[in-house]
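Trainee: Got a structure for you, written out below as structure tokens; questions coming shortly.
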Amino acid sequence: MEKLDIVLYPEAGLKEVCAPIPEMNDDIDKLIDDMLYTMYDAPGIGLAAPQIAVQQRLIVMDVSETNDQPLALINPEIIQSAGTVDWEEGCLSMPGIYAKVTRPSDILVRGMNRDGKMIELEADGLLAICIQHEIDHLNGTMFIDRISRMKRTRAIQKFRKLLAEQSHP
Ligand code: ZN
């Protein structure tokens, strides 16, 4: 398995709508392994293909505490949602930045699994939040696009400062 480079905000690819994946194949299967490896290594609980500069509709996640429940979804779509939840979200493309985002708390998602089968999955709690955050990436939306403009400006300024500190410690 290969560790992939995670692109950081404001990389242009993070603003793009990604293309559907026509069918499951060996390349996508390898990509899923590499993305999971990269996500666990980061460490993170979710990763979307555009975060590793692949503009395709693929997300991987694992919200278990034991890191042994990997989930990959191809062309995922939210077909039902209900309730609301506030959660302090972070993102591997904006490390060090956290912001409270309001989203539906319960979702029904449809997509292809890594066996190439169409599945429907009901999710709530952290998994529902994570799936929505990752699907947002496939549509060029970052979690900071879901907070007020004032908070977004502050988050971007803070992230620029963190990056500058990293390059000039
Ligand atoms: Zn993210």
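Trainee: Filter LYS30/LYS161; LYS15/LYS100; LYS30/LYS100 down to the pairs with a C-alpha to C-alpha distance above 30 Å, please.
Mentor: Long pairs (Cα-Cα over 30 Å): LYS30/LYS161; LYS30/LYS100.
Trainee: Dipole of the chain, Cα-centred, from +1 at each Lys and Arg C-beta and -1 at each Asp and Glu C-beta, to the nearest 20 debye?
Mentor: Roughly 1080 debye, rounded to the nearest 20.
Trainee: Hey, what angle do you get for helix 125-138 against the long axis of the chain, alpha-carbon based, 0 to 90 degrees rounded to 10?
Mentor: In the chain, helix 125-138 runs at an angle near 80 degrees to the longest axis.
Trainee: Also, quick follow-up: Tally up the carbon and sulfur contribution to the accessible surface of the chain as a whole percent, 1.4 Å probe, everything protein left in place.
Mentor: Whole-percent figure for carbon plus sulfur exposure: 50.
Trainee: I would also like to ask the following. What list of whole percents do you get for P(r) of the range 27-126, with Cα-Cα distances grouped in 10 Å bins up to the one holding the largest distance?
Mentor: Using 10 Å bins, I get a P(r) of 14, 44, 38, 4 for the range 27-126.
Trainee: Between exposed GluC sites (Glu not before Pro) in the chain, where DSSP calls loop and at most 14 other Cβ atoms lie within 10 Å, what's the longest gap?
Mentor: The longest uninterrupted stretch comes out as 66-169.
Trainee: Shifting gears a bit: Using the alpha-carbon atoms, what tilt in degrees (0 to 90, nearest 10) does helix 26-41 show relative to the longest principal axis of the chain?
Mentor: With both axes taken from Cα atoms, the answer is about 40 degrees.
Trainee: How large is log10 I(q)/I(0) at q = 0.15, 0.20 Å⁻¹ when the Debye formula is applied to the Cα atoms of the chain, each weighted equally and without solvent?
Mentor: Rounded to two decimals, the profile gives -0.82, -1.45.
Trainee: Starting from the Cα of GLU122, step 7 Å toward the Cβ, then list every residue of the range 53-83 with an amide N under 17 Å from that point.
Mentor: 78-83
Trainee: How large is the accessible surface per residue of the chain, computed with a 1.4 Å probe and reported in Å² as a whole number?
Mentor: Spelled out: the 1.4 Å probe surface of the chain, per residue, equals 55 Å².
Trainee: Relative to the longest principal axis of the chain, what angle (0 to 90°, nearest 10) does the C-alpha long axis of helix 149-167 take?
Mentor: 80
The values are calculated or read from the model by the stated rules, or taken from the named source; none is laboratory data. What you see is a predicted model; the values in this text were computed from it and never measured. With ideal geometry, Cβ positions are generated from the backbone for all residues, glycine too; neighbour counts draw on all protein chains shown. For the accessible areas, the whole protein counts, side chains as well, though only heavy atoms, and no ligand, DNA or RNA atoms are used. Shrake-Rupley method; radii C 1.70, N 1.55, O 1.52, S 1.80 Å.
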